[in-house]
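The values are calculated or read from the model by the stated rules, or taken from the named source; none is laboratory data. Values in this document were obtained by computation on a predicted structure and should not be read as measured data. Virtual Cβ from ideal backbone geometry, glycine too; neighbours counted across all protein chains shown.
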Amino acid sequence: MHSESAVILFDGVCNLCNASVNFILDRDLKRHFKFGALQSDEGMALLKNYNLSGDYLDSIVLLEGGVVYTNSTAALRVARRLSGAWPLMYGFIIIPEIIRNPVYNWIARNRYKWFGKQDVCRMPTPETRARFI
């Protein structure tokens, strides 16, 4: 992995999460991010390496610069690296996590009910395979 790359670990069976990965892939023109399913062997090994439980599925996990980010902070840090106007979203980082995270967690708790889930983790296409761990 390139030393400046960051890894986004996501719930591989979640339709919302998979749509988010597609969204990021389309807007990560500098190819800053690599991706991995939280349920994959590689994802679970990274979680363990950063002292997170191997069954952690409550949030995306951003591993960037040796630091772990989760919940709304991870989402905002991802947005700041995307093309277009999306980096403007990073301005919401000034709102304390105690306010941001309940909104994020409410969506996360309801993601399967609202957006559904797959039986198996997503498989990258041949075009995107190099972007996945």
List pairs: first residue in region 83-99 and touching a residue at least 40 places away in the same chain (Cβ under 8 Å) and within 24 Å of residue 23 (Cα to Cα), second residue assigned to a helix (DSSP H, G or I) and not acidic (Asp, Glu) anywhere in the structure, Cβ distance under 9 angstrom, at least six positions apart or on different chains.
83/27; 84/27; 86/27; 86/78; 86/79
Do you know which residues across region 57-83 are aliphatic (A, V, I, L, M) and in contact with a helix residue (DSSP H, G or I) (Cβ under 8 Å, 6 or more places away or on another chain)?
60, 61, 62, 63, 75, 76, 78, 79, 82
Cβ-Cβ under 8 Å, sequence separation 6+ or interchain: first residue in region 67-81 and within 15 Å of residue 101 (Cα to Cα), partner of a type in the set (Ser, Thr, Tyr) and part of a helix (DSSP H, G or I). Which pairs?
71/104; 72/104; 75/104; 76/90; 77/90
Top-ranked residue of region 1-21 - restricted to ones that are among the hydrophobic types (A, V, I, L, M, F, W, C) and outside any helix (DSSP H, G or I), ranked as modelled with the lowest pLDDT
1
Of the residues that make up region 60-73, is at least one more than 15 Å from the chain's Cα centre (by Cα) and among the polar types (S, T, N, Q)?
no
Look at region 48-62 and say how many of its residues are out of contact with any Leu (no Cβ under 6 Å at 6 or more places or on another chain) and within 12 Å of residue 10 (Cβ to Cβ).
4
If we ask which residues in region 8-45 are crowded, with 20+ Cβ neighbours inside 10 Å, more than 18 Å from residue 86 (Cα to Cα) and either of a type in the set (A, V, I, L, M) or free of Cβ contacts under 8 Å to residues at least 40 places away in the same chain (or both), their number turns out to be 3
Every residue in region 47-66 that is farther than 22 Å from residue 117 by Cβ and in contact (Cβ under 8 Å) with a residue 24 or more places away in the chain, please.
63, 64, 65
Number of the condition not met by residue 109 [criteria: (1) farther than 13 Å from residue 7 by Cβ; (2) among the basic types (Lys, Arg); (3) buried (at least 16 other Cβ atoms within 10 Å of the Cβ)]:
(3)
Inside region 74-95, can you point out the residues that are of a type in the set (Gly, Ala, Ser) and within 15 Å of the chain's Cα centre (by Cα)?
74, 75, 79
